[in-house]
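This report refers to the structure that appears directly beneath it.
The values are calculated or read from the model by the stated rules, or taken from the named source; none is laboratory data. A quick note: this is a predicted structure, and the numbers were derived from the prediction, not measured. Here Cβ is always computed from backbone atoms with ideal geometry, including for glycine, and neighbour counts include all displayed protein chains. Each accessible area value is taken on the protein alone, full model and side chains, heavy atoms only, with ligands, DNA and RNA left out. Shrake-Rupley method; radii C 1.70, N 1.55, O 1.52, S 1.80 Å.
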Amino acid sequence: MNSMKLEHEMLKGRCECGTVKFEVESGIQALSHCHCSMCRRLHGAAFATFATVDSCAFRILSGELQLARYRSSADVVRTFCSECGSTLIADAVEDESVRYVSMGALEGDPPHPPAVHEFVTSKAHWYEIRDDGPQYEKSSP
Ligand SMILES: [Zn+2]
Ligand SMILES: [Zn+2]
């Protein structure tokens, strides 16, 4: 895949109710399915899928005042829409260079690297991983 094309792809995303809109003026650096129990509860799903993007390229276009934050652990803060509850971003407190954007909030079908699975030891018992993506016990290296 042409990495230059990934670099210059414009990503657009929004919450379910449309109050919060954002764009990312770069491509997806990494794609990860997080199976940790916090992601499972916060996203109400078997796992949460995050697109890693450059923080400098991320911009909120509307709904800034409706954004709410929740610190799910000592080192991770989640940002969601207070109107509809869509979980939009996860940020690692000690690394502000990237943001983890909910893949489900992105529009269209942006190019992305192959997905990896993280925190698979916390995986839901009722879900079976059936793809060939790498699996990590914690976050991917
Ligand atoms: Zn919303
Ligand atoms: Zn997680």
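Can you list the HN-Hα couplings for region 134-141, worked out from phi with the Karplus curve (6.51, -1.76, 1.60; θ = phi - 60°), rounded to whole Hz and with x for Gly and Pro?
Result, ordered by residue: x, 10, 10, 5, 10, 6, 6, x Hz.
Suppose we look only past 18 Å in the calculated P(r) of region 82-141. What percent of the Cα-Cα pairs does that tail hold?
Working: 968 of 1770 pairs.
Of the Cα pairs, 55 percent sit more than 18 Å apart.
Report, to the nearest whole %, how much of the accessible area of the chain belongs to carbon and sulfur atoms, 1.4 Å probe, protein only.
Working: 4080 of 8120 Å².
Whole-percent figure for carbon plus sulfur exposure: 50.
Given only helices, namely DSSP H runs of n ≥ 4 each adding -39500 (n - 2.57), what is the per-residue ellipticity at 222 nm of the chain, to the nearest 500 deg cm²/dmol?
Details: 2 runs with 12 residues, N = 141.
After summing the helix terms and dividing by the residues of the chain, the value is -2000 deg cm²/dmol.
Tell me, what ³J(HN,Hα) does each residue in region 96-108 have, in order and in whole Hz, if you take phi through Karplus 6.51 cos²θ - 1.76 cosθ + 1.60 with θ = phi - 60° and put x for Gly and Pro?
With the stated coefficients, region 96-108 comes to 8, 6, 10, 10, 9, 8, 4, 4, x, 8, 7, 8, x Hz.
How many lysine pairs are close in the chain, with Cα atoms under 29 Å apart and the two 8 or more places apart or on different chains?
Values: 5/21; 12/21; 12/138; 123/138.
Within the chain, the lysine pair count is 4.
Just by accessible area at a 1.4 angstrom probe, what is the order of 93, 101, 76 from largest to smallest?
Details: 93 65, 101 0, 76 35 Å².
The ranking, largest first, comes out as 93, 76, 101.
May I ask for the percentage of alpha-carbon pairs in region 3-122 that lie more than 19 Å from each other? The partial results should precede the final answer.
Values: 3096 of 7140 pairs.
Everything past 19 Å amounts to 43 percent.
May I ask which residue of 50, 82, 29 lies farthest towards the positive end of the charge dipole of the chain, with charges of +1 (Lys, Arg) and -1 (Asp, Glu) on Cβ and the Cα centre as origin?
With unit charges placed on the Cβ atoms, the residue in question is 82.
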